[in-house]
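Visitor: The structure's right below; bear with me while I get my questions together.
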Amino acid sequence: MMLAVEILFWLSVGAALYTLAVYPTLTLVLAAVVRKEVDKKAIEPRVSFIIAAYNEEAAIAEKIKQTLELDYPRDRLEVIVASDGSTDRTDEIVESFADQGVRLFRGKGREGKTGMLNRAVATATGEIVIFSDATGVYSSQAIRELVANFHDARIGCVTGKVAYRYGEDSTSQAFKGYQRFAVAVRRAETRFGSQTSVSGSIHAIRRSLYQPANPAFSLDVVDAVHAVSQGYRVVYETEAVSVEESRTSMMDEFRCRVRIGVRATSSVLYIVGQLIGHRRFGYAFQMISHKIMRWWLWCFLLLALVTSIALAWDSPFYAAVAALQGLFYLTGLMGCLASRLKTSVPLVPTITLFVAANAAMACGAIKALAGKRMSAWEPVR
C-alpha cells in the first residue's frame, strides 16, 4: 500500500515539474532547432474589428476613437461593437458614432462573450476578423502588424502582445514576473510551430476559418484549436500591442482565475477530440503539455502534498518534504494578508500569486465537474 502511495507522490511531482519546467525548456530547445519563418508582407485586406463590451460606458467612447485613429485605411476597416446586453449607456454611446461608420451589434440579453461574438462574426464582412476588449489600447500599427502575417497562406490566426501597465502593488509585480515567463514560451512556440492560445484583447483570424464555439468555452483557446484543426498555423506578433491595466487586487485575480478554470475544464474533452479527430497529434501534445496540464497543476500539487503527509510518519525524508510544502503554502497565505496590509516581502507576492492561481483553478475545475458553466462575464474594473 505504501509503495503505491510513494509511486503516486513521485508521479505527481514529475507531472508538476514537467508542467512548470520541462515543457517550457523543451519549447526553447525546439525553437533553437526548428525555425518556421512567417512570410510577412504589408497587405490591406478588408478587416472587421469587433469590440466586445458589457456595461463599458466609461471606456467605450475612448476605445472607439482610438480604433478609428489606428493606421489603417478607413474604407478597408469595419468597426463593430458587440454589446452583450449592456444595461448602462454603452449602446447609446456606440450609436453616437454611427455617422463615422461604427456599427452596434446588440446581443440577445446576457448570452456571454463567446455566444455574442459567434453571432457578431456572422454579420462581419471583412476577410480578417480582429477581436478586441473595450479597454485595450492598441499601438498605432497594430492592425497592419497583425494582418501582415496573413500574407503567408499558412497562417490562420494571429495573436498580438498584451502589455500591462503594472502598478507598484505586490499583485501587479508578481503578475509582471509571470508575464515574462509566458511571453518567452509564446515566442518559442511560434518559432517552431503554433501558439496554444491567443489573447482575447488582441487577436485576428481569417473569417473563413472562424467556427462558432460553445458559449461556455473561451475563444482564447478555441480559435487557435479551430485554426490548427483546419491545417493552419497560429502565431504570436510582438509588434501588435494592446496595453491593458494589470489587476491590482488578489481577490480580483482569484475571481478571474476561477472563471478561467470553469471554462477551461468545460472545454478539455472538446479540445482533445478536435485535435485527435483531425490528426493534429503534435499540436495535441503541445495543448496537453502547455494548457491542460497547467490547468490541472493544482491537482498534481495537492496529490504531492497529501501523499507526502501520508508517507511522513515512517520517513524523515517525506516528513521534511511535507513540511517544506506546508511552509510554501503558508507563505502564500501570509502573502494574501500582507497584500491587504499594503506591505510586501521579496518573493512572497510571487508565491502568493502561484498559490492563489492554483487554488482558483481548483475551484473552477470543481465547479465545472459539478455541472457549472460560465458563459457570461463581468469585467473587473
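Visitor: Say each of L327 and Q211 gets a label point 7 Å from the Cα, pointing the same way as Cα to Cβ; how far apart are those two points in nm?
Guide: Inter-label distance under the simple model: 5.0 nm.
Visitor: Additional query: Highest GNM mean-square fluctuation, the chain, Cα pairs closer than 10 Å: which of A188, A61, A227?
Guide: Of A188, A61, A227, the Gaussian network model singles out A61 as fluctuating most.
Visitor: Tell me, what does the Kirkwood hydrodynamic radius of the stretch 47-247 come to in angstroms if you use every pair of distinct C-alpha atoms? Display every interim value, and only then the final one.
Guide: Values: mean 1/r = 0.0585 Å⁻¹.
This gives a value of 17.1 Å.
Visitor: L347 to A98: extension gain in nm, 0.36 nm per residue of separation minus the Cα-Cα distance? Could you put the intermediate results ahead of the total?
Guide: On the way: separation 249, 0.36 × 249 = 89.64 nm, distance 4.99 nm.
Value of the extension gain: 84.6 nm.
Visitor: Taking a spot 7 Å from the Cα of V243 along the direction of its beta carbon, which residues of the stretch 141-161 have an amide N less than 14 Å from it?
Guide: Correct set: 141-142.
Visitor: Pull out a ≥ b ≥ c, the square roots of the eigenvalues of the alpha-carbon gyration tensor of the chain, then state rounded if a/c is under 1.5, prolate if not and a/b is larger than b/c, and oblate in the remaining case. Mind dumping the intermediate values first?
Guide: Values: a/c = 1.98, a/b = 1.57, b/c = 1.26.
Cα axes put the chain in the prolate bin.
Visitor: Where is the GNM fluctuation largest for the chain (alpha-carbon springs, 10 angstrom cutoff): L305, L269, L353?
Guide: Maximum fluctuation in the GNM of the chain, among the listed residues, is at L269.
Visitor: Still on this structure, please answer the following. Starting from the Cα gyration tensor of the stretch 1-118, take the square roots of the eigenvalues, sort them a ≥ b ≥ c, and report rounded, prolate or oblate (rounded when a/c is under 1.5, otherwise prolate if a/b is larger than b/c, else oblate). Kindly include the intermediate steps, with their values, before the conclusion.
Guide: Details: a/c = 4.17, a/b = 1.80, b/c = 2.32.
In terms of gyration-tensor shape, oblate.
Visitor: Let me ask something additional. Taking the Cα-to-Cβ direction at V22 and at R119 and moving 7 Å from each Cα, how far apart do the two end points lie in nm?
Guide: Taking the simple label geometry, V22 and R119 are separated by 4.6 nm.
Visitor: OK, next. Quote the charge dipole size of the stretch 220-272 about the Cα centre in Debye, to the nearest 20; the model charges only the Cβ of Lys and Arg (+1) and of Asp and Glu (-1). Can you show the working numbers first?
Guide: Numbers: 6 positive and 8 negative charges, 71 e Å.
I would put it at about 340 debye.
Visitor: Could you derive backbone 3J(HN,Hα) for the stretch 7-23 from the dihedral phi with the Karplus parameters 6.51, -1.76 and 1.60 (θ = phi - 60°), listing whole Hz in sequence and x where the residue is Gly or Pro?
Guide: 4, 5, 4, 5, 5, 5, 5, x, 5, 5, 5, 4, 5, 7, 10, 5, 5
Visitor: Same structure, new question: Given the options V47, V258, V348, which has the most mean-square fluctuation in a GNM of the chain, springs set between C-alpha atoms less than 10 angstrom apart?
Guide: V348
Visitor: Continuing with this model, one more query. Let me have the 222 nm mean residue ellipticity of the chain computed from DSSP H runs of 4+ only, each contributing -39500 (n - 2.57), with the sum over all residues rounded to the nearest 500. Present the calculation step by step, with values, prior to reporting the outcome.
Guide: Numbers: 13 runs with 192 residues, N = 381.
Calculated from helices alone, the mean residue ellipticity at 222 nm is -16500 deg cm²/dmol.
Visitor: Go through K40/K161; K63/K291; K40/K113; K65/K291; K65/K161 and tell me which ones have a Cα-Cα distance over 25 Å in this structure.
Guide: Working: K40/K161 17 Å; K63/K291 31 Å; K40/K113 31 Å; K65/K291 35 Å; K65/K161 21 Å.
Beyond 25 Å between Cα atoms: K63/K291; K40/K113; K65/K291.
Visitor: Turning to a different aspect of this structure: Putting +1 on Lys and Arg Cβ atoms and -1 on Asp and Glu Cβ atoms, find which of A21, S96, N118 reaches farthest to the positive end of the dipole of the stretch 16-157.
Guide: A21
Visitor: Here is a further query. Please compute the length gained on full extension between I276 and E37, using 0.36 nm multiplied by the number of residues separating them and subtracting their Cα-Cα distance. It would help to have the intermediate numbers written out before the result.
Guide: On the way: separation 239, 0.36 × 239 = 86.04 nm, distance 2.57 nm.
So the extension gain works out to 83.5 nm.
Visitor: Roughly how many whole Å is it from the C-alpha centroid of the stretch 249-327 to that of the stretch 20-68?
Guide: Computed from Cα coordinates, the inter-centre distance equals 26 Å.
Visitor: With +1 on each Lys and Arg Cβ and -1 on each Asp and Glu Cβ, and nothing else charged, work out how big the dipole of the stretch 47-247 is about its Cα centre, in Debye to the nearest 20.
Guide: Roughly 700 debye for the stretch 47-247.
Visitor: Give, in nm to one decimal, the length gained when the segment between D314 and A4 is fully stretched (0.36 nm per residue of separation minus the Cα-Cα distance).
Guide: Details: separation 310, 0.36 × 310 = 111.60 nm, distance 1.46 nm.
Net length gain for the segment: 110.1 nm.
Visitor: Looking at the stretch 63-99, which GluC sites (Glu not before Pro) are DSSP coil and have at most 12 other C-beta atoms within 10 Å of their C-beta?
Guide: Answer in residue order: E69.
Read-outs: derived from the displayed coordinates by stated rules, not from any lab. Bear in mind the structure is a predicted one, so any value in this text is a computation, not a measurement. Don't worry about glycine lacking a Cβ; one is built from the backbone with ideal geometry, like all the others, and counts go over all protein chains shown.
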